[in-house]
Structures are given as structure tokens and as C-alpha cells.
1. Give me the net charge for the shell around A:Glu197: Cβ to Cβ below 13 angstrom, other residues only, Lys and Arg +1, Asp and Glu -1.
2. Which residues' amide hydrogens lie under 5 Å from the amide hydrogen of A:Arg235, considering only partners 5 or more residues apart or on another chain, with H built in the peptide plane?
3. Using DSSP, restrict attention to beta bridges with both residues in the protein assembly as shown and report what percent are antiparallel, rounded to the nearest 5.
4. Going by a ≥ b ≥ c, the root eigenvalues of the Cα gyration tensor, does segment A:349-504 fall in the rounded group (a/c under 1.5), the prolate group (a/b larger than b/c) or the oblate group?
5. Could you give the nm distance between label points at A:Arg406 and B:Arg406, where each point is 7 Å from its Cα heading toward the beta carbon?
6. Relative to the longest principal Cα axis of chain A, at what angle does helix A:217-229 sit, 0 to 90 degrees, rounded to 10?
7. Could you tell me the center-to-center distance, by alpha carbons, between segment B:226-254 and segment A:440-503 in angstrom?
8. If you take every DSSP beta bridge fully contained in chain B, what fraction is antiparallel? Give it as a percent rounded to 5.
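The values are calculated or read from the model by the stated rules, or taken from the named source; none is laboratory data. What you see is a predicted model, and the numbers here were worked out from it, not measured in a lab. Don't worry about glycine lacking a Cβ; one is built from the backbone with ideal geometry, like all the others, and counts go over all protein chains shown. Areas reflect the complete protein model, heavy atoms only, side chains present, ligands, DNA and RNA absent. Shrake-Rupley method; radii C 1.70, N 1.55, O 1.52, S 1.80 Å.
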Number of protein chains: 2
Amino acid sequence: MCYDMPLSIRMRRVPATFLPPIALDYSAKTPMYRQLYDWFRLAIVTGQMRPGQRLPSTRSLATELKISRIPVSNAYDQLLAEGYLETFIGAGTCVARSIPDDTLSPLAGKRQKELQQTVEKVGPRRMSRRGMALTQLPTQSWLNIVGAFRVSLPALDHFPIGVWSRLVARHSRRPARGIMAYGDAMGCLPLREAIAEYLGAVRAVRCQASQIMVTTGSQQGLHLSAQVLLDPKDRVWIEEPGYPSARQAFIGAGAQLIPIPVDHEGIKVAEAIRRGHNARAVYITPSHQYPLGMTMSATRRMLLLNWAVRTGAWIIEDDYDSEYRFGSRPIASLQGLDTDARVIYVGTFSKVMFPALRIGYLVVPKDLVPAFSAARDAADVFSATLYQSVLADFIGEGHFARHIRRMRMLYAERRKALVKAIRVQLGDVFEVIGAEAGMHLVAMLPPGVNDVALSRKAAQRGISATPLSACYLNPPGRGGLILGYGGTNAQEIHDGICKLKMCV
Amino acid sequence: MCYDMPLSIRMRRVPATFLPPIALDYSAKTPMYRQLYDWFRLAIVTGQMRPGQRLPSTRSLATELKISRIPVSNAYDQLLAEGYLETFIGAGTCVARSIPDDTLSPLAGKRQKELQQTVEKVGPRRMSRRGMALTQLPTQSWLNIVGAFRVSLPALDHFPIGVWSRLVARHSRRPARGIMAYGDAMGCLPLREAIAEYLGAVRAVRCQASQIMVTTGSQQGLHLSAQVLLDPKDRVWIEEPGYPSARQAFIGAGAQLIPIPVDHEGIKVAEAIRRGHNARAVYITPSHQYPLGMTMSATRRMLLLNWAVRTGAWIIEDDYDSEYRFGSRPIASLQGLDTDARVIYVGTFSKVMFPALRIGYLVVPKDLVPAFSAARDAADVFSATLYQSVLADFIGEGHFARHIRRMRMLYAERRKALVKAIRVQLGDVFEVIGAEAGMHLVAMLPPGVNDVALSRKAAQRGISATPLSACYLNPPGRGGLILGYGGTNAQEIHDGICKLKMCV
């Protein structure tokens, strides 16, 4: 710092020629004043021009640069207004003496061209522990391929885009204030009412519209649940194998994951309790376990509820894919059994409608509504209104129910085609498991076959097969491939399995 | 638990008349099988029916209830499939013995009607510390009124809704896979490119499109920054007074807020350093301080950058309202001065376009892009695609620049009208402060006047005046009202000030 230097020393007349060379681009779109302004500002910031250093007069600089005096004056004015320069009667214009002369000292003196490179070269720097933990999660590279068997992708070409875009146009044209102004953290009421009615009728969820929060997909529902319910180091039971994105949400809250094995009845509750695995919360997919596809038995459901009531733990129920059961009636939600308001119910429209819709929902126990609403306010305030309004109409006018019915038939066919193709082509290698439900199945591999390696090979042939082991925290006993059939038609299924066969 | 009881004891024949009364609604829309299923399930869950208890045969129950046998069979089948019931040859159907008989013991024996009430009556239960902290923040009730002077609300009736909805229709009709399938956590590339170009030209932000993340408004930008950069108990400098919603984002990450006073040059950096207030990050609004409206001086900017480089701290620059300066040229961003990639730059389209758009952006230092991307993936995966594509076209076709120009003139007029109305009507009471910029101004009140009380009174007359003290963490020296004029036309400004006068 040089605040205390006597003025006389620092006000010495520096001829304009002492300035570093000013490179102007006379043909650029950027106005001349702006180029000058940018140049001086950077020269000051990087220490090429020191506090107190005198600038040439506007007239002499204009002459030297062979430009009009007006842009020079404008640049000086702006720099004065922003405090980079100051003027003294009789002493002209100089770099403001209040500017610290060790500004950005590690870089001071470096040439401007190097600056951008410096920015690019910086190494890893301190982030939060959760930021580090999230960065260190294994990348799920297979999700970057939109090939056959991509998990979670619905049959986009069967979506009633005509009906949908007519509804979008209707809401977008009408300049309703509600579509444009600030909305509610919990969501638009008509959509919340439609969701509450749908869940009550179809999923035996017991709730009122006031408990529904419209979210940006199920992931935000998991994220907010983790934020509101879990402190760093709190323990969470998760299914092993389980849904990788749910792990991200809990790690993001600093929670500690306790993998609990699943069997044909779902998560092994009694074993977890017996082993003394206390937890603040449990994450489950009871209707259709992700990824293995079994249904959680009534006994396990009630053991889990019982445990939650006794210990004050929370149950986060992810009811994904519950719309699609092909052989049997839908399994009612666990939330509907909960008499102690311990269940946070998570759902999404991403897979029933289309992923880029980004609309999901939470059913929140009544006493937690204020906390979830506050957390949403802090996270992103509210969801865009247009699609919420459109979706409310889409449901209300019966298009939603019709679409689900059609997709249920389509996916049942696709599942059948996939199972058949596997049996015919790969019957001796793949073993299909899981209930006849949802949009994917798991093909178990023979012991010793590395599913990640197989998945990578498949990716090279444009096949998006998710390795089962990516769903495990501990090393899995046996590998497998998770094959989505929602967005993969009969021909693609046939071709895809042929390609997979070549990879095996 | 009763797993070990001998079968003989628990298989005793209970006459059907021992069942609690089954109330069926013969006129309800709910199918009969479903009513029966629901009734039995709840009876089992609540302990009204015990594990091992025998059910009447389908024939005798149907006779007793005077209904067909088919719905009874269907209900039993579903309950068997879900594991609530089991059958034994010769013993008929009974409640599954594996169901824990102390299920939901606090509620066992209570009558079904009481259940819903129980759910409603539950008191406060354990949440996370951050969940509690967010719930305990004071509610900003004035934001619930959409009356004159609502802060942050733009002139919605001047938005080119015709152009916009044509673009929406164009993108929505075209069933492009990209509009419907999964998108990128960082956002749609065309929009990111448009934003990078805009920020470079207009805000002197130095960035590439790869550093832009499209967010759900600026709040998500703040939320993600806090999540990625701050551990619980980390200290954050915030401006005093400052933007309340930013506080929420940092509290949501468990951070500790250190209020640093502002004066006419912005946040008092030297004082904060002198007092030894170390921090991991600082949140600032350098172009147009929220709420007071001053511009941060060049000296302070460089002191702050200097401090950040020396201490490894992060600078979160919220460049809100920077589009609107009426008297002078726009002030360049602080990000553009940063040669050590210490600045996370936060912006939004909510106020330039319309709030329900829910699109903002972050400019992230290159080395932090993977962490921000991972945090976004964990938070809500990505933003809905439609509006991103539409906005990219809206910018690319020049509508955005045109809209800003028109709004700048409109808001300059509205500001003038508001300042004049205050001078004429309340000149002896209100003192207007802040630069001629943005979409709001602050009217300082005489010492001793309670701004919250005044704001409440104003709310009763339909006026949305935000009390200045809501922006303080420590008790403020003097109250004031934050008056937005973006969404308030000349007539409303006149009427609003008349009403405010009556409140004073």
C-alpha cells in the first residue's frame, strides 16, 4: 500500500510514451472508447499502471493514437466515474491513489495476454466437503449415450405432442399475470389439486393439496428432503443395490450412507435393526425396487413404519415407475399406511410425460410443509409456471390418464419383446429378473463377468446399458445390465440385443 | 412380535362376526373391491386385526355384506399378493403371521376415523439444523402483496408477449428430441453461448460458454454457490444492509453470516479486514448495491479482489438489475477485473424478462465447473428445456436487446415520476437515496419511525412497500421503505404515494 506517500513523489509527470503500448483494433465492432476504457482498466488492475501514475492529456493521447478526442474523453470520464482515475487541478488525470498497489500481486507485472492463460491454469482450490464429495462420485458415462436401452427414457415419439403443444400455446398466448409474475414455492394450486386427486385414487396416498410441493423433477424432491431432514454425518439407510442419484442427494447434505441389502421382499429391515444400524432416515423404492424390480412385502413395510415411529426416523418413499405394472394390479404406496406422518413421498412426471418437462412432486407431512417451503424458497424460489398450468390442464382434460393407459400397453409389449430377444439370443448368458413392471429390467450376468467393462464395450456400439454394479456401494456379488425399454422400440430392441451379444 | 407362537394357538377360528364393522359406501365411485381392500389393509396396519387372525371365507363375507363374491375375491387376492394375508390348506385365509403385531403401536386400537386427526395433530419433530434455521427466518409478508411498489416486479404488460408466445409455439410444436429428452446440467448450449456473448459485450465479463450454467433464477445460483463452496460454520461476509434471499441461501448451507456495513463506496472491505473478520466467501452487489443502490468504487473492488487472492476466499458477485442505468454508462462487472478466477458471477432473466420464466445463470471459474455441474445434478439435474431454447432465440433475434432498451426508458420515466411524487407529497418525510439505476429506490424515513409498522399499514391499503430494516441483520440506525417502480405505472405511483402519505 502507498497511501502515506507524499503527493509530490507520486505526482511526477510521466510522459505519455511511458505507457505500455496501447493496441487498438480500428476495425472491431467494439467502440473505440470502450477499447480504451478496457485497456486502462486492465492496466491498472494488473499493476502495469501504478497508483498516482499520470495519464497523458486526452488531446495528446488522441493525437498519438490518431483518433478523435471524443472517445478518449469518454473513456477517461467512465474511468473517473468508476474511481479508477482521479483529477487534480494543475496535475491532470492520474490513477487513483486509493487503489492498492499490491492489487492482485501474484499477477502484477504479468503481461495482459498471459492473464487468460493464468485463469485457465489454476489448480484445484478449496471447495466445501460436500462439493468435493459430489465431484468425486464416479461419473455415469453410460448416461451420456442416448442409444438403445437408455434407462428412464420414455417413448418420446408416442407422446401426444399435438395435444400438448396446443395447451402450451393456449397458456402462453394468454398474457395471464399468473403465468408471468412470481409464483408459490409449493407450486400452482390447480396442479397440486390434480396431483393430490391422482395420488389418492391411483396410489392410495393419503394427502391434501396443501401437502403437495411441485418440484423440478424427483431429484429436487430428494435434494430438498435431504436438506430439510438431515444434518451432516446423519446416517441414512439406502437400498443395496439402489438408485445412484438418490445417493448424490444425501451426500449433498453431508449424510452418511448405510447400504442395507435387499432380497425378494425388498430392503432387509429386520437385519438392519438387529445390526444396530440406527439412522435418521431411510430411502426406499417399495413399489418397484430400483434397480432389481421386486415389490416390498407388507411385513417389511410395517416393520419399517414401526421402526420409524419408534425411533423418530423419516421414510423417503420414491414411488418411481409406479404407473406401469403389466401383470397385476398396482401396489399401493407405503405412504398410505403411515399413520404417524413419517413418510415423505417422492414422485415425478419425467418418465410418464417427458424428462425435459422437469416437473415432479413431493407429498410432505403437514407439520413439515413450512420447512420444505422455506427450503424451496432458499433453493430456487419456485418452478416455472407455464408447464405447471399446462400439465394441470393435461391431467384435468383426461389426456394424462389416456397417455398412461397407452404407454402401459406399449411398454408391456416392449418388455415382452426384450425378454424374448434375450432368451433367444442370450438365454445362456443373461438371466432376467424383476417384476413385470416399470420401464427397465435387469439382466444378471454369469459370475465373474465385469458389467462395467461390458457396458463400456456396448457404449462403443451405441448401446446405453447401465452396469448393475454402479448401483452398489459395496462390491456386488454378481454383475448385471440394467436395460431400459421405454424409449426403445421393437426393432431397436432386436438390433440392440444382437449388438450386445457381440460384446459378450 | 409373535413370530414364535405355535401355529395352533394363532390359527383359531374366529367367526366372521368378530370382525370390526365394515362400512361400505354402495354409492361411491370407488370400486367395491378397493373399499374392501382399503378397509382390511388399514385394519391390519392399525392392529384392529391381529397377525394370524382368520378372515371369513369370501362366500360368507359376500353374503353378510350383501354384495357379489367377485369384489371380495379380488380384494383378498390383492391383499394376498401384497403380503397382508396368507392362506393355509384347510385353515382358509388369515392375516399374515409375519406382520409385526406391535405395528404402529402408539396407534394400535385407535379407531380409523381418529387416524387422520392424529396425522394432523403431530407437533414439531426433528429436522436438520439448516431446516430449522430456514423455518425460523422472519417471513417477508410484504412480498405476498402484489400491489404498487412490489420490489423486483417488472412491467409485465410491456413484455412482448406476442413475439414470445410465437417462439414458444414454434419450439413446442416441433417434436425435437432435445426439447423432450434429458438435458445437460449446465444448460442448453445455444443459450449458454448467447449469455456468454451478452455478458462479454455488455458487462465486461470475461468467460466462455463452457463456464455458463443456466439456473432456475439467481436464487439457485446462490444456493449452488453456497453448497459447492461453503461448509457448515464457514463465515461469509454479507453487505449490511443486504439482500435477504442471499442470506437464506447461505444459511441453507449452514454458513455463518458476518454483516459488513456499506457506505457510499459499497462494502467496507478495509474495515472488515482490519477487524480480522476472516471469511471463506463474500457476497456483494457491486454494480447497484441491494437495497441502497450505490456503486462499489474501483478501490474497494480491488481491495476485495486482493483480499480474496491473498486468503483464497471466493467472491460471489450478484449483478442484479445491471441492465438498467439511466444517467450514466453501465458499470463494468467485478468479474472482469478478476485475474485469479475468484469470482462466481450470478445473474438472472427474472427481472428483465418475467419472474415465472425461472431462468438465471452463473459464470463459474473453469476449475469449479465440474463441482457446480455435479451439485446441479444432485440438486435437480437440469432446467426445463423449452424456455431455454425459446430464450436463446429471443436473444439471438434481437428481441432481448430491444426489450431492454425500451424498459430502460420506461423505468427511467417511472423512477422520475416516483421521485417527483415523493418530493411533492412526502418531501418533508422521505429522503430518496441510491443511484439512478435499477427497478427500485429507497426512501429513508425520519429517525425513530418504524418501517415495519409502516409497511404493515401500507399493506392494508394494498401497497407493497418493503421495510429497509428487513435487509439488516443487526438493528438498523434508521428505517426506510424500498419502493419498486418496475411494475408500477405512473397512475399507480401517484395513487400509491397518496396512500403511503395517509399511512405516515
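1. Numbers: positive: A:Arg192, A:Arg203, A:Arg206, B:Lys29; negative: A:Glu193.
Summing Lys and Arg as +1 and Asp and Glu as -1 gives +3.
2. Long-range HN contacts for A:Arg235: A:Gln256, A:Arg280.
3. On the way: 52 of 88 bridges.
About 60 percent, rounded to the nearest 5.
4. prolate
5. 3.8 nm
6. Approximately 80 degrees, to the nearest ten.
7. 43 Å
8. Numbers: 26 of 44 bridges.
Of all bridge pairs located within chain B, approximately 60 percent are antiparallel.
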